[in-house]
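Derivation of every value follows stated rules applied to the coordinates shown; laboratory data play no part. Just so we're clear, the structure is a prediction, and the values are computed from it rather than from any experiment. Quick reminder, even Gly has a Cβ in these numbers, built from the backbone with ideal geometry, and neighbours come from all protein chains shown.
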Amino acid sequence: MLIEIKELKKNYSLGSSEIPVIHGINLNIKKNEYVAIMGPSGSGKSTLMNILGCLDTASSGHYFLNNVDVSTLDDDALSIMRNKEIGFIFQNFNLLPRLNAIQNVELPLIYSGTPAHERREKALQALEKVALTDRIHHKPNELSGGQRQRVAIARALVTNPGILLADEPTGALDSKTGVEIMRLFDDLHREGNTIILITHEQEIANYAHRSIYLKDGMIHSDQLNTQQKKQF
């Protein structure tokens, strides 16, 4: 099992009070699954995403990622796990404006200490996967929204992570470009990538093979998508 979550709880402190956000979630995700996590504002999906991405830790319970109990790791160990196992894709791309496409894609490899010649080769391979090798020297402001998201996906892929964690990946795109990006996710899943998609849009969740719906910090439903929607 790639991900095992057992009785996971998350509380936030507000003065002398503890505000519960996640209420004892149990969840398993296998390697090469394509999962959408949905829920309204305040449902706990962003908190769960942060825990899955090793950006935050639970108040209690356990989160096993590749058989490692993430719940027990300190900040340094969490950072190593995050860089090794998670490829992040954000709504607003989070590209550095002063760097061109290939330099942005190389960033995770710089953090992991990969030699320069190897970084460049891996970054080119990642950009080839997203069909953007003709834009490698363009900076973000010289790229369309869809191209910027492709750079962000290549950056997520470059370390060959166990999980691609995408947070509202089409939220800043028009409908046509959003369809193109979701088709790219389909291709990446067919190549063997595990994808966890955080979204509030049913149309986007329909691209995944499994949908988990959160409500009030608990899993309200968890079901396979019997008919995936391929257009808005």
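Inside the range 73-126, residues that are in a loop (DSSP other than H, G, I, E, B), within 17 Å of the chain's Cα centre (by Cα) and either surrounded by fewer than 17 Cβ atoms within 10 Å (Cβ to Cβ) or hydrophobic (A, V, I, L, M, F, W, C) (or both) make up a count of 5.
Any residue at all in the range 57-67 that is part of a helix (DSSP H, G or I), out of contact with any His (no Cβ under 6 Å at 6 or more places or on another chain) and more than 18 Å from GLY171 (Cβ to Cβ)? For the range 57-67, residues part of a helix (DSSP H, G or I), out of contact with any His (no Cβ under 6 Å at 6 or more places or on another chain) and more than 18 Å from GLY171 (Cβ to Cβ): absent. Checked against the criterion of being touching a helix residue (DSSP H, G or I) at 6+ places or on another chain (Cβ under 9 Å), of a type in the set (Ser, Thr, Tyr) and part of a helix (DSSP H, G or I), the candidates THR170, THR159, THR177 yield just one match: THR177. Cβ separations smaller than 6 Å between residues 6+ apart or across chains give the following pairs from the range 208-226 residues that are among the charged types (D, E, K, R) to residues that are part of a strand (DSSP E or B): ARG210/VAL35; ARG210/LEU224; ASP222/ILE212. With the requirement that a residue be surrounded by fewer than 21 Cβ atoms within 10 Å (Cβ to Cβ) and hydrophobic (A, V, I, L, M, F, W, C), what does the range 127-143 give you? Passing the criteria: ALA131, ILE136, LEU143.
Within the range 126-152, being over 16 Å from LEU99 (Cα atoms) and hydrophobic (A, V, I, L, M, F, W, C) holds for ALA126, VAL130, ALA131. Residues considered: GLY42, GLY53, GLY15. Of these, the only one that is surrounded by fewer than 14 Cβ atoms within 10 Å (Cβ to Cβ) and closer than 18 Å to GLU168 by Cβ is GLY42. Scanning the range 184-214 for residues that are within 21 Å of ASN92 (Cα to Cα), of a type in the set (S, T, N, Q) and in a loop (DSSP other than H, G, I, E, B) gives a single hit, THR199. Of everything listed in (1) over 16 Å from the mean Cα position of the chain (by Cα); (2) closer than 18 Å to GLY87 by Cβ, the single unmet condition for VAL179 is (2).
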